[in-house]
Amino acid sequence: MEKIPMTRTGFSALEKELKHLKSVERPAIIQAIAEARELGDLSENAEYHSAREKQSFIEGRIKELEGVLSLADVIDPSQMTGNVKFGAKVTVVDEDTDEEKVWQIVGEYEANIEKGLLNIKSPIARALIGKDEGDSVEVRTPGGERAYEILKIEYG
């Protein structure tokens, strides 16, 4: 199995979600199923079927998180320097609009573009990897070709 790169922050967030699912969500859904069973005929019991469906989702998510965490390769970006690598916080400027953006290149399971966390497998991240400050990158995005200049690379 291939290791899954992620930052310490991303790993901690997944651990927290797993703990919440096991200690809060799982017991609550078990209780809800027990209460729905007490209502009688299960074949026409919407509460029971809804609770079982939610239980299935929770158990699936627990298995997924356990698998991801067991394969996690936690990388500490504070020990890195130089060109763009996993964990780098990269400040770029769009060469067409002069709009500045800051992205951190992170693992697939912690990516959130609204928070500036860029999936390492995304086209933009792949274009940035290995580049230095001052370099320009051309990226084919769903919105068309974009050109960015790297202004700053930070680790930490």
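The values are calculated or read from the model by the stated rules, or taken from the named source; none is laboratory data. None of the values given here were measured: they were computed from a predicted structure. Positions of Cβ are generated from backbone atoms using ideal geometry, with glycine treated the same way; all protein chains shown enter the neighbour counts. Note: areas computed on protein heavy atoms with side chains; ligands, DNA, RNA excluded. Shrake-Rupley method; radii C 1.70, N 1.55, O 1.52, S 1.80 Å.
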**Prompt:** Between R8 and E99, what is the label-to-label distance in nm when each label sits 7 Å out along the Cα-to-Cβ direction?
**Reply:** 3.3
**Item:** Rg ratio (alpha-carbon, reference 2.2 N^0.38 Å) - the stretch 4-87
**Value:** 1.61
**Prompt:** Taking the Cα-to-Cβ direction at E53 and at K152 and moving 7 Å from each Cα, how far apart do the two end points lie in nm?
**Reply:** 4.8
**Item:** DSSP beta bridges in the stretch 40-144 [antiparallel fraction, %, rounded to 5]
**Value:** 70
**Message:** Binning at 10 angstrom from zero up to the longest distance, how are the C-alpha pair distances of the chain distributed in percent?
**Reply:** 10, 30, 22, 17, 12, 7, 2
**Surface per residue (accessible, 1.4 Å probe) for the chain, Å²** = 62
**R0 of 41 Å, Cβ-Cβ distance E38-E108: FRET efficiency to nearest 0.05** = 0.45
**Asked** Is there a pair in K16/K121; K16/K54; K3/K54; K85/K152 whose C-alpha atoms are over 21 Å apart, and which pairs would that be?
**Response** K16/K121; K3/K54
**Request:** Report the residue, chosen from L118, L128, L39, that carries the largest GNM mean-square fluctuation when the chain is represented by alpha-carbon nodes joined by springs under 10 Å.
**Result:** L39
**Asked** Would you list S43, S78 from the most to the least accessible area, probe 1.4 Å?
**Response** S43, S78
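Rounded to a whole number, what % of the accessible area of the chain do carbon and sulfur atoms account for, probe 1.4 Å?
Accessible surface attributable to carbon and sulfur in the chain totals 49 percent.
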**Prompt:** Once the whole set of protein chains is in place, how much accessible area is left on S122, using a 1.4 Å probe, in Å² to the nearest 10?
**Reply:** 20
